[in-house]
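Here's the structure, in structure tokens; my notes come after.
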Amino acid sequence: MSKQNKYKDKSLHSKERQVRNKIEKMDYFQKWRYDEACKYISSTDEVLDVGMGCGSGSYILSKKAKQVIGIDDSEETVKYAQQVWQRENIKYIHGNALRMGDSKFDIIVGFEIIEHIKEYKKFINYIKDLAKKYIIISVPHINSPIKSRWHWKHFSIEEIKQYFEDKNWEIERLETPKFGKGKAVFAVIKRRK
């Protein structure tokens, strides 16, 4: 997939973002991922939602978390989130997820974002440094028939284990849920004590 011609459209309606203004209008799988993440969040947690898109997922997380920071590289999308999905404990940032500085977060959520990053190994190592408790991700499965011009790579379960399990991190939950015509890898990775 890395030889695909990458499409640079970062606009709100790029067809790669799910633009919804109500929870009940969210795609089932999109909502499911955020609902599952909420099972690992407590009221004292600071959460980073990387590639937060239109903000509906950050909004769901904010119902459980102390603070949610949503970051996306589309200025238009961040403005939409600020208008439609705002709560007192959410802050939306326009920026590059690889340039968050050395801020630490209890939990980092990254749904359908890693496949969009050419330097995905660098990104994975970066978020492992920033997360204190959990990293919760979802990526397209390597056998998913859905091919997107925005994606650099799809992942196997073995690759997720390889990239995330080490002396500091262990896979707590790993599954391959189906969505539409495709399949994803959903993982909850816990920092070892």
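The values are calculated or read from the model by the stated rules, or taken from the named source; none is laboratory data. What you see is a predicted model, and the numbers here were worked out from it, not measured in a lab. For neighbour counting, all protein chains shown are included, and Cβ atoms are generated from backbone atoms with ideal geometry for every residue, glycine included.
Annotations
- Test: residue in region 116-130 that is under 14 Å from Ala184 (Cβ atoms) and aliphatic (A, V, I, L, M): no
- Only one of the listed residues (Ile90, Ile142) is closer than 21 Å to Glu165 by Cα and free of Cβ contacts under 8 Å to residues at least 60 places away in the same chain. That residue is Ile142.
- Near pairs, Cβ below 9 angstrom, 6+ apart or cross-chain, from region 166-193 (free of Cβ contacts under 8 Å to residues at least 40 places away in the same chain) to any residue that is outside any loop (DSSP other than H, G, I, E, B) and among the hydroxyl-bearing types (Ser, Thr, Tyr): Glu172/Tyr134
- The residue that is surrounded by the fewest Cβ atoms within 10 Å (Cβ to Cβ), counting only those in region 24-57 that are of a type in the set (Val, Ile, Thr) and farther than 18 Å from Arg173 by Cβ, is Thr44.
- Test: residue in region 59-69 that is in a strand (DSSP E or B), touching a residue at least 60 places away in the same chain (Cβ under 8 Å) and surrounded by 15 or more Cβ atoms within 10 Å (Cβ to Cβ): no
- Residue in region 136-159 that is under 24 Å from Glu46 (Cα atoms), at pLDDT below 95 and aliphatic (A, V, I, L, M) present: yes
- Within region 92-103, one or more residues are at pLDDT below 95, among the charged types (D, E, K, R) and part of a helix (DSSP H, G or I).
One line per residue, one yes/no per condition, for (1) of a type in the set (Ser, Thr, Tyr); (2) closer than 18 Å to Lys133 by Cβ; (3) surrounded by 23 or more Cβ atoms within 10 Å (Cβ to Cβ):
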site	(1), (2), (3)
Ile71	no, no, no
Val78	no, no, no
Arg87	no, no, no
Gly95	no, no, no
Gly101	no, no, no
Val109	no, yes, yes
Ile114	no, no, yes
Ile117	no, no, no
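- Test: residue in region 173-183 that is under 14 Å from the mean Cα position of the chain (by Cα) and assigned to a loop (DSSP other than H, G, I, E, B): no
- Within region 70-91, the set of residues being in contact with a strand residue (DSSP E or B) (Cβ under 7 Å, 6 or more places away or on another chain), farther than 25 Å from Phe155 by Cα and either outside any loop (DSSP other than H, G, I, E, B) or of a type in the set (Phe, Trp, Tyr) (or both) comprises Glu75, Val78, Ala81, Gln82, Ile90, Lys91.
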